[in-house]
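The values are calculated or read from the model by the stated rules, or taken from the named source; none is laboratory data. This one's a predicted model, so the numbers in the text were calculated from it and none came from an experiment. When we count neighbours, we look across all protein chains shown, and the Cβ atoms used for this are built from the backbone with ideal geometry, even at glycine.
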Amino acid sequence: MKNLVGINYLERKPRVQKEKNPVIILIHGYGSNEEDLFGFAEDLPDEFHVISVQGMHMLQFGMYAWYEINFVDMEKFNNVPQGLASRDKLVDFIEAIIQQENLDDENVWLCGFSQGAILSYSIALNYPNKVKHIACLSGYPEPNFIGDLDVNRDYSNLDFFISHGTDDMVIPVEWARKGKPMLDELGIQNEYHEYRSGHGIVPQNYWDLIAWMKKGLVN
């Protein structure tokens with residue numbers, strides 16, 4: 001485990017070394033840890049410098065979150081200040097890892113699951129110059145983390161992959177479906193997928209994600 005700007009992370013160095021490699025940041029969901037999405041690393045394209053980050057808040061041993069969730073008081077469902085602080089810390093981390101590893105600052109990828117997907121939306125739409133390709137798995141665009149969108153801001157660099165399970169009992173698919181029309185309205189390139197699954201990633205979802213990544217590396 002390594003640490004940079006206060007964030008713990010695991011990494012897989014690129015198998016194919018380029019002058020400046022693209023970086024992909026894997027952002028886990030609530031109650032998970034950096035090992036979860038790091039399981040993707042073996043299948044990810046060889047050019048990627050793969051980074052899997054650990055949530056800022058420990059819930060219990062081996063279980064972390066980017067912000068706490070109040071399951072009792074639905075009026076205070078998400079701890080928004082914690083979430084915004086984690087988002088901004090992740091942006092600091094992205095800048096720091098690019099500098100430390102001499103990575104391509106114009107080819108930054110995010111892949112977030114659930115809470116990680118919510119923050120990936122927030123990072124991309126608030127800091128569109130910091131990232132390029134964004135995969136939001138089993139998440140949704142949370143207004144409290146996105147804020148007021150500036151339609152005049154340049155989002156032309158962004159490219160989203162969105163996926164969700166139609167039987168998701170944690171985050172309703174109706175919430176996820178708000179993502180595509182929002183991105184379309186902003187003129188942001190995106191592809192949206194639904195699968196007969198719950199709150200998780202079925203094989204077809206996984207291989208569609210990998211295909212999108214390979215296509216994005218070529219374009």
Could you check region 155-185 and list, in sequence order, the residues that are loosely packed, with under 13 Cβ neighbours inside 10 Å, in contact with a strand residue (DSSP E or B) (Cβ under 8 Å, 6 or more places away or on another chain) and not hydroxyl-bearing (Ser, Thr, Tyr)? 184
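Wholly within region 10-74, which strands (runs of 3 or more DSSP E) include no fewer than the required count, namely at least 3 residues that are within 19 Å of residue 113 (Cα to Cα) and either touching an Asp or Glu at 6+ places or on another chain (Cβ under 7 Å) or of a type in the set (D, E, K, R) (or both)?
Correct list: 49-53.
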Can you say whether residue 151 is among the aliphatic types (A, V, I, L, M) and loosely packed, with under 14 Cβ neighbours inside 10 Å, as far as the supplied structure shows? yes
State which residue is farthest from the chain's Cα centre (by Cα) when the search covers only region 1-23 and only residues that are surrounded by 11 or more Cβ atoms within 10 Å (Cβ to Cβ) and β-branched (Val, Ile, Thr). 5
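Is one or more of the residues making up region 107-129 of a type in the set (A, V, I, L, M, F, W, C), touching a Phe, Trp or Tyr at 6+ places or on another chain (Cβ under 7 Å) and closer than 20 Å to residue 29 by Cα? I'd like the intermediate steps shown before the answer.
Kept after step one, since they are of a type in the set (A, V, I, L, M, F, W, C), are these residues of region 107-129: 108-111, 113, 117-119, 123-125.
Remaining after also requiring touching a Phe, Trp or Tyr at 6+ places or on another chain (Cβ under 7 Å): 118-119.
Checking which are closer than 20 Å to residue 29 by Cα leaves us with 118-119.
Among the residues of region 107-129, at least one is of a type in the set (A, V, I, L, M, F, W, C), touching a Phe, Trp or Tyr at 6+ places or on another chain (Cβ under 7 Å) and closer than 20 Å to residue 29 by Cα, which makes the answer yes.
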What are the residues in region 196-207 that are under 19 Å from the mean Cα position of the chain (by Cα) and either crowded, with 17+ Cβ neighbours inside 10 Å or aromatic (Phe, Trp, Tyr) (or both), if any? 201, 205, 206, 207
Filter pass, residue 85 being surrounded by fewer than 21 Cβ atoms within 10 Å (Cβ to Cβ) and under 26 Å from residue 146 (Cα atoms): yes
Determine if region 97-110 includes at least one residue that is over 14 Å from the mean Cα position of the chain (by Cα), in a helix (DSSP H, G or I) and more than 22 Å from residue 213 (Cα to Cα). yes
Which residue pairs have Cβ atoms under 6 Å apart, sit 6 or more places apart or on different chains, and have a first residue in region 188-203 that is touching a residue at least 40 places away in the same chain (Cβ under 8 Å) and a second that is assigned to a loop (DSSP other than H, G, I, E, B) and hydroxyl-bearing (Ser, Thr, Tyr)? 199/138
Somewhere in region 34-54, is a residue surrounded by 16 or more Cβ atoms within 10 Å (Cβ to Cβ), of a type in the set (Asp, Glu), modelled with pLDDT of 95 or more and more than 17 Å from the chain's Cα centre (by Cα)? yes
Among the residues of region 63-104, write down those that are of a type in the set (Phe, Trp, Tyr) and within 18 Å of residue 128 (Cβ to Cβ). 93
Check 28, 49 and return the single one that is under 23 Å from residue 95 (Cβ atoms) and in contact with a Lys or Arg (Cβ under 9 Å, 6 or more places away or on another chain). 49
Using beta carbons and a limit of 7 Å, which pairs, at least six apart or on different chains, have the first residue in region 140-158 and free of Cβ contacts under 8 Å to residues at least 40 places away in the same chain and the second one small (Gly, Ala, Ser) and not in a loop (DSSP other than H, G, I, E, B)? 140/176; 140/179; 146/122; 158/124
